[in-house]
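Asker: My structure is below; once you've seen it, I'll send some questions.
The values are calculated or read from the model by the stated rules, or taken from the named source; none is laboratory data. Every value quoted in this text rests on a predicted model; they were computed, and no experiment measured them. Here Cβ is always computed from backbone atoms with ideal geometry, including for glycine, and neighbour counts include all displayed protein chains. These accessible areas exclude ligands, DNA and RNA; they are computed on the full protein's heavy atoms, side chains included. Shrake-Rupley method; radii C 1.70, N 1.55, O 1.52, S 1.80 Å.
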Amino acid sequence: MDIFNVITLLGGLAFFLYGMTTMSNGLEKIAGGKLERALNKMTSNPFKGLVLGAGITIAIQSSSALTVMLVGLVNSGIMQLQQSVGVIMGSNIGTTLTAWILSLAGLEGDSVFIKLLKPTSFSPIVALIGILLIMAAKSTKKKDIGSILVGFAVLMYGMTLMGDAMKPLQGMPEFQRILTAFNNPILGVAVGAIFTGIIQSSAASVAILQSLASSGSVTFGMAIPIIMGQNIGTCVTSLISSIGVTKNAKRVAVVHISFNIIGTVVLLIAYYGSDAIFHYAFTDSSIDAFGIAVCHSIFNVTTTILLFPFNKLLVKLAEKIVPITEEKETYAFLDDRLLNTPAFAISECKNMTDKMAGIAHDAIANAITLDKLYDKDVCTYVITQEDELDHYEDKLGTFLVKISGNDLSDADSQKVSLLLHTIGDFERIGDHATNLVKVAEEMHSKKISFSPQAQAEIAVLTAALSEIVEMTTNAFCNDDLSLAAKVEPLEQVIDELIAEIKSRHIERLQKGNCTIELGFVLSDLINNYERVSDHCSNIAVALIEVAQKCFDTHEYLSALKQTGDEAYNKYFKAYQEQYSLALNT
């Protein structure tokens, strides 16, 4: 083996890592956060978490990315430590798929079917299809599929290069002497862990071992401890990601490494103990890429079966290593580690915006009661909610801008656009809720109240406003476009109501049935109602526009009203009848 073989080996590793990263990023985009969004819904049950962890790892081809995601989720307070245990175990099973794909390189046979299964046969075709999709496809989704295919082809080419670079080692006496040292299982585990920790990719580490096995110099006895060590080494990524996080998030990394260390110790003792008794014939036999995939899978599946019943004990062990303190932990609003998986980060931003929508709805629902029944505690509560909405907008806006810097799919870009459009409207609804508090405080301090006629008119307007806020919130949180389509007709009815209330107030003023002072208060009240209604309209229109891939609000509203849309007219007339001042004053 000369310097050129070393260069080929390093180049093959570079191709492999690049291909794996490209394929993983493409798969993550295609998944679009769908699998990740299920984390919060399915991880209440450890078995569901196990299945989900395996599924996500297979989908994005990266157990490290999933573990970092879990650290970020726990650090943000979105997920509990107990929920992450099953997912971690599942990710270890999911990561075995890569070794099975790479084992195809070792297939031997003269039949056409077997030759087609060899990566050297189908990788060029996969690469060609991928390049054509990247160059010719118009949709981002198809381009992402092209990136996945090209990434896979590059990965397999890197695997082939590494295998070719390893072949000259077979006849080198110096290499054989080095390999004999790996008959010591402790050394094998250490080398596997250290090397995997350095390159931070268990898939690449297993691939190199499979390439090394192609020389025919690696035995089962040498490979098994190395494979076990590789599973320990892959914990380095989660350990690095746990720096500077809450104690609960640190425990995620502790659970991950404890799971692999305990599994390694138990299975190492079981294997070598039984080998001492039964003297397995295969221990000194040469292992190939297929055998490594088998051993890798057996280790991860067996470890999971052994430790799955003790998932709560793993949590307790993590709490012993990272002790619980009386000091209350402050969770990150949205942890930057989530940016490693943009689709999931966007999904969590949507969840946070849903919470923001709920706070805005609650703030208005409380504020509109104050003109009838003043309550100082309610006033304080609404102001607190407005402060919380300011916090949400600031943090979400900053985080969404960071996400925008990533290479996003069309669907994810639309989601980011929708959230950036709407968080400001929800925050402004909170501002108008505090303005309504000020109106109520002014009326209370001055001991003034509206006339019975004005109160009846405001009651109708308040009922309409309450419905439009609730309708908008539900439409946004549930992505309900049919409900969003009802918002604009109601907003127009509210505008008409406000115009009519102003006109009636002027008539009462002229007749001396009302005062200018009350007129100013009424004006403040209904102007804030009108602005809340406008923000509801903005949110609903943004929902519809994003779904239709159109982002001109003025053009959309003009077209809606000028063309005489049948559904719009139907809802408009229904709301006119429902909220008629003539029937209520």
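Asker: Determine the per residue accessible area of the chain with all protein chains present and a 1.4 angstrom probe, expressed in square angstrom.
Answerer: 45 Å²
Asker: Just the accessible area for Glu517, please: 1.4 Å probe, Å², rounded to the nearest 10?
Answerer: 80 Å²
Asker: Once mean projected area of the Cα convex hull in nm² is worked out from the coordinates, which option in (i) 34.0; (ii) 24.2; (iii) 38.0 does it equal?
Answerer: Checking each listed value against the structure points to (i).
Asker: Show Leu97, Leu70, Leu13 ordered by accessible area, largest first, where the area counts protein heavy atoms only and the probe is 1.4 Å.
Answerer: Result, largest first: Leu97, Leu13, Leu70.
Asker: Explain nothing, just compute: Karplus ³J(HN,Hα) = 6.51 cos²θ - 1.76 cosθ + 1.60, θ = phi - 60°, for every residue of segment 572-581 in order, whole Hz, x for Gly and Pro.
Answerer: For segment 572-581, the Karplus curve yields 4, 5, 5, 6, 4, 6, 5, 10, 9, 5 Hz.
Asker: Hey, another quick one. Please report, to two decimal places, log10 I(q)/I(0) for segment 425-470 at q = 0.16, 0.21, 0.23, 0.27 Å⁻¹ as given by the Debye formula with identical point scatterers on the Cα atoms and no solvent.
Answerer: -0.57, -0.89, -0.98, -1.06
Asker: I would also like to ask the following. Using alpha carbons only, how many degrees (0 to 90, rounded to 10) separate the axis of helix 81-94 from the longest principal axis of the chain?
Answerer: 40 degrees
Asker: May I pose another question? Assuming R0 = 25 Å, can you tell me the calculated FRET efficiency for the pair Asp495 and Ser466, based on Cβ-Cβ distance, to the nearest 0.05?
Answerer: That pair, Asp495 with Ser466, gives E of 0.95.
Asker: Considering only protein heavy atoms and a probe of 1.4 Å, how much of the accessible area of the chain is carbon and sulfur, as a whole percent?
Answerer: On the way: 16390 of 26510 Å².
Carbon plus sulfur share of accessible area: 62 percent.
Asker: Do the alpha carbons of any pairs in Lys320/Lys355; Lys141/Lys486; Lys141/Lys415; Lys355/Lys415; Lys312/Lys350 sit beyond 23 Å of each other, and which pairs?
Answerer: Lys320/Lys355; Lys141/Lys486; Lys312/Lys350
Asker: Follow-up. Roughly what % of Cα-Cα distances in segment 303-390 sit above 17 Å, to the whole percent?
Answerer: Percent of Cα pairs beyond 17 Å in segment 303-390: 71.
Asker: Within the chain, what's the longest run with no trypsin sites (Lys or Arg not before Pro) in a DSSP loop and at most 16 other beta-carbon atoms within 10 Å? Give the range, please.
Answerer: 139-327
Asker: Note down the nm distance, to one decimal, between modelled labels 7 Å out along Cα→Cβ at Lys402 and at Asp479.
Answerer: 2.4 nm
Asker: Still on this structure: Report the one residue of Ser215, Leu27, Phe195 whose Cα lies farthest in the direction of the positive end of the charge dipole of the chain (charges on C-beta: Lys and Arg +1, Asp and Glu -1; origin at the Cα centre).
Answerer: Ser215
Asker: Could you please put Ile429, Ile232 in sequence from largest to smallest accessible area, using a 1.4 Å probe?
Answerer: Ile232, Ile429
Asker: In addition: Once you have the Cα-Cα distance between Leu187 and Gln82, take 0.36 nm times their residue separation minus that, and quote the gain in nm to one decimal.
Answerer: The Leu187-Gln82 span can extend by a further 34.5 nm.
Asker: Enter the angle in degrees (range 0 to 90, nearest 10) between the Cα long axis of helix 516-548 and the first principal axis of the Cα atoms of the chain, meaning the one along which they spread out most.
Answerer: It works out to around 30 degrees.
Asker: Plugging the Kirkwood radius over Cα pairs into Stokes-Einstein for segment 390-449, at a temperature of 10 °C and a viscosity of 1.306 mPa s, what D comes out in µm²/s?
Answerer: The diffusion coefficient I find is 115 µm²/s.
Asker: Multiplying the sequence separation of Ala137 and Lys316 by 0.36 nm and subtracting their Cα-Cα distance, what value in nm do you get?
Answerer: Once the chain is fully extended between Ala137 and Lys316, it gains 59.3 nm.
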